[in-house]
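Visitor: Structure provided below as structure tokens; questions to follow.
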Amino acid sequence: MKYGVRSEKPPGHFHVDLVFLNSPGGTSCRVSGFPDVKLIGPTVYAVRRQAARSQTVTLRPGESAHAVLTWVSPSRPSDRLVPVDLRVLVPSNRQLSSVLVLHWRYGPVLRGPGTYVGPLRPGAY
């Protein structure tokens, strides 16, 4: 897993692609639904799912999928979380799904309805 493209639109609303790669030389796998995303800081914040339709994506070896993580800059200190890490579990057809962790490098996040993750989609951007 890695971070993909980050954008801001409208101002104060941020988006970053979470990119998932099926290992080259491995076997095909299917991913579907929404990744389980948690922001880890002084507390753990489980990111809500976007109100969107999901699909099943088949990844051949070396292919990727992505989900868009959206967040808003907090305006009140009580709604603010400063994550240290991002922890993700991707739903797949494999017996065991690994927990993937990336260091969070994008600053404070609103703990609330402006922060959500979208469904898995084919490709990476």
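Visitor: Could you check, for the stretch 89-99, whether at least one of its residues is of a type in the set (A, V, I, L, M) and either farther than 21 Å from THR27 by Cβ or touching a helix residue (DSSP H, G or I) at 6+ places or on another chain (Cβ under 7 Å) (or both)?
Guide: Step one: filter the stretch 89-99 for residues of a type in the set (A, V, I, L, M), giving 89-90, 96, 99.
Within this subset, residues satisfying the condition of being either farther than 21 Å from THR27 by Cβ or touching a helix residue (DSSP H, G or I) at 6+ places or on another chain (Cβ under 7 Å) (or both) are none.
No, the conditions are met nowhere in the stretch 89-99.
Visitor: So, in the stretch 1-15, of the ones that are of a type outside the set (Gly, Ala, Ser) and not in a strand (DSSP E or B), which residue ends up surrounded by the fewest Cβ atoms within 10 Å (Cβ to Cβ)?
Guide: Once the filter is applied, the top-ranked residue is PRO10.
Visitor: Considering each residue of the stretch 16-37, count those that are charged (D, E, K, R) and either surrounded by fewer than 17 Cβ atoms within 10 Å (Cβ to Cβ) or part of a loop (DSSP other than H, G, I, E, B) (or both), and give that number.
Guide: Result for the stretch 16-37: 2.
Throughout, read-outs are computed from the coordinates displayed, never taken from laboratory work. Since the structure is predicted, the reported quantities are computational estimates derived from the model, not experimental observations. Positions of Cβ are generated from backbone atoms using ideal geometry, with glycine treated the same way; all protein chains shown enter the neighbour counts.
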